Amino acid sequence: MSILEIKDLNFSYEKEVILKDISLGMKEGDFLAIIGPNGGGKSTLLKLILGILTPTSGDIKLFNDSFRANFSRIGYVPQNTNINIDFPIKVIDVVLMGYTESKKKLFGYSKAEIQKAMEVLEEVGISSLAQNKIGSLSGGQRQRVMIARAICNNPKLLILDEPTASIDSMGQKQIYELLRKLNTTISIIVVSHDISVILSYASSVAYINRSLVYHQLAQYKDRVIKENEHFCEVELLEMIGGLHG
Amino acid sequence: MVEILSYEFIQNAIFSAILISLIAGIVGSLVVVNRMVFLTGGVAHSAYGGIGMALYFGIPLFFGAVVFAVFTAIILAVLTFKKRSDMDTFIGVIWAVGMAIGIIFVDLTEGYNVDLMSYLFGSILAVDSNDIYFMVGLLILTIIIVVIWYRDILAVSYDMEYAMLRGIDIKKFYTLILVLSALSVVVAIKVVGLILVIALFTIPVYIAQRISKSLWVMMIIASMISLIASLIGLFLSYSFNLTSGASIILINAFIFILFLIFYHKK
């Protein structure tokens, strides 16, 4: 089943071309990593996929339809830095925001919804923090909360924007291990700079620098992991031919 | 003490202190968590434009302030929503232009109207029955809006982009919060004056934010702190013949300083 299909996508902002002729697809169960330099258009591509921006030309289909028709099937984890940590809100209440539709009462949530949110928190390993204020959590814990919010609605596709930014290496590994576990039932798109980590978890990579270089990673993965634990973006691109392609 | 409670103007003052504390606690919480403090300050000061115009055209000053502030809030909502990076500039312009319009219209009005001073510095002892009715109406409206749309307001306030992706009409709620803050600020101007009003919407709320785990608890705590400060301020104002608005704000500031000392010691 096609999860995402992008055809001949172009996007310009105030006459400047940000993305040019992007075509890309992913199927159910894929783990797609989007990498590239700052200003190369990664976040713009994500915003176009999420329907926050409108393409200048071209077509984006999610589950063979528009984002709006499928938003309840998509979970989104924004960048860690966008969140107001002083906000007076408990972890469980952040997770409950993930419901797109609710059998709600006026002021609150149903018992079943709260129960489900607790199960999701259990799944991401922080159910004991459910009643804590979000600002009291570490960066890694906060990111788990955001992932819990994104998956509580049972999405088929999970989109994450730099999920491990400003998180220590141990926290990064835990987040990616969690994503690997989720990937057994959910397709994943992740924007990231962590090349060596991405190579261990992603099934394909899209390198975005205004235009696109796309590759399946399976054939390179073993070699990359064996040869060099601190693999850099340039080495990866040389290997898959991106610098010349 | 019991005797002064029998005066109608004192009863009105106490009622208005209670009502405005509840309104400021609820709406102030929304203003602070949405980082709209400067925005609300702009709306408050621009209301002077409505006061000046109302004075010139001979219509009730309060009505002029309400209409002008709501109009300003909607304009600001449209402008800042489209281009948030220019928000500070838009607020600065509306802040100054509103005041300038007010001053020019007061200049053009023949004679001197002492009532204007109560709008600049507030006069809780001059609150009349009509003001009380308006405050009650606004408080009921505010509570209804917050109860019905609490989850949506919470989502928009916490993470606007995510709320939009969840299908929530963020423009509607952004404008609603701004209009609600405009109405609340204009009502509060009667009590503490437009120069001091922003403190009423931020000091109790700042304290409440630090000790609350949820938005609705923050609203209740902010309202309670505001109520205590307003009643003490009112009492001191009456006892020592001081300006009521300034007295209320200084009590708020005193509580704020105490909080900072004890909170950081913890």
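Below is a table of values for the structure above.
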| read-out | value |
| --- | --- |
| Enumeration of residues in segment A:64-93 that are hydrophobic (A, V, I, L, M, F, W, C), more than 8 Å from chain B (Cβ to nearest Cβ), without any contact (Cβ under 8 Å) to a residue 40 or more places away in the chain and within 30 Å of A:SER2 (Cα to Cα) | A:PHE67, A:ALA69 |
| In segment B:234-249, residue nearest to B:ALA155 (Cα to Cα) [restricted to those that are free of Cβ contacts under 8 Å to residues at least 24 places away in the same chain and crowded, with 16+ Cβ neighbours inside 10 Å] | B:SER247 |
| Residue that is farthest from the chain's Cα centre (by Cα), among those in segment B:194-222 that are away from every other protein chain (no Cβ under 14 Å) and surrounded by 24 or more Cβ atoms within 10 Å (Cβ to Cβ) | B:ILE203 |
| Lone unmet requirement of (1) closer than 28 Å to B:GLY167 by Cα; (2) open to solvent by 10 Å² or more (accessible area, probe 1.4 Å) for B:THR142 | (2) |
| Test: residue in segment B:56-72 that is surrounded by 15 or more Cβ atoms within 10 Å (Cβ to Cβ), farther than 23 Å from B:VAL146 by Cβ and at pLDDT below 90 | yes |
| Qualifying positions in segment B:2-17 - open to solvent by 60 Å² or more (accessible area, probe 1.4 Å) and in contact (Cβ under 8 Å) with a residue 40 or more places away in the chain | B:PHE9, B:PHE15 |
| Residues of segment A:24-38 classified as in a loop (DSSP other than H, G, I, E, B), open to solvent by 50 Å² or more (accessible area, probe 1.4 Å) and touching a strand residue (DSSP E or B) at 6+ places or on another chain (Cβ under 7 Å), total | 1 |
| Selection count, segment A:161-173, where residues are of a type in the set (S, T, N, Q) and in contact (Cβ under 8 Å) with a residue 40 or more places away in the chain | 1 |
| Residue within segment A:39-50 that is open to solvent by less than 30 Å² (accessible area, probe 1.4 Å), part of a strand (DSSP E or B) and not aliphatic (A, V, I, L, M) present | no |
| Test set (1) at pLDDT 90 or above; (2) open to solvent by 40 Å² or more (accessible area, probe 1.4 Å); (3) under 24 Å from the mean Cα position of the chain (by Cα) - A:ALA130 fails condition number | (2) |
| Any hit, segment A:120-141, residues being within 12 Å of chain B (Cβ to nearest Cβ), of a type outside the set (Asp, Glu), touching a residue at least 40 places away in the same chain (Cβ under 8 Å) and under 21 Å from A:PHE71 (Cβ atoms) | no |
| Filter result for the condition that a residue is open to solvent by less than 70 Å² (accessible area, probe 1.4 Å) and in contact with a Leu (Cβ under 8 Å, 6 or more places away or on another chain), over B:MET99, B:MET135, B:MET53 | B:MET135 |
| Condition met for A:ILE186 (open to solvent by 10 Å² or more (accessible area, probe 1.4 Å), modelled with pLDDT of 90 or more and more than 14 Å from every other protein chain (Cβ to nearest Cβ)) | yes |
| Among residues of segment A:8-23, those that are open to solvent by 10 Å² or more (accessible area, probe 1.4 Å), in a strand (DSSP E or B) and out of contact with any Lys or Arg (no Cβ under 8 Å at 6 or more places or on another chain), counted | 6 |
| Single residue of A:ILE74, A:ILE89 found to be more than 18 Å from the chain's Cα centre (by Cα) and buried (at least 20 other Cβ atoms within 10 Å of the Cβ) | A:ILE89 |
| Unmet criterion (only one of (1) of a type outside the set (Gly, Ala, Ser); (2) open to solvent by less than 40 Å² (accessible area, probe 1.4 Å); (3) in a loop (DSSP other than H, G, I, E, B); (4) closer than 30 Å to A:SER211 by Cα) for A:THR100 | (4) |
| Filter result for the condition that a residue is touching a helix residue (DSSP H, G or I) at 6+ places or on another chain (Cβ under 7 Å) and crowded, with 20+ Cβ neighbours inside 10 Å, over A:LEU137, A:LEU160, A:LEU179 | A:LEU179 |
| Hits in segment A:51-62 (condition: outside any loop (DSSP other than H, G, I, E, B) and within 14 Å of another protein chain (Cβ to nearest Cβ)) | A:LEU62 |
| Breaking point among (1) in a helix (DSSP H, G or I); (2) farther than 30 Å from B:ILE10 by Cβ, for B:MET117 | (2) |
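The values are calculated or read from the model by the stated rules, or taken from the named source; none is laboratory data. Values in this document were obtained by computation on a predicted structure and should not be read as measured data. Virtual Cβ from ideal backbone geometry, glycine too; neighbours counted across all protein chains shown. Remember, those area values only see protein heavy atoms, side chains included, never the ligands or the DNA or RNA. Shrake-Rupley method; radii C 1.70, N 1.55, O 1.52, S 1.80 Å.
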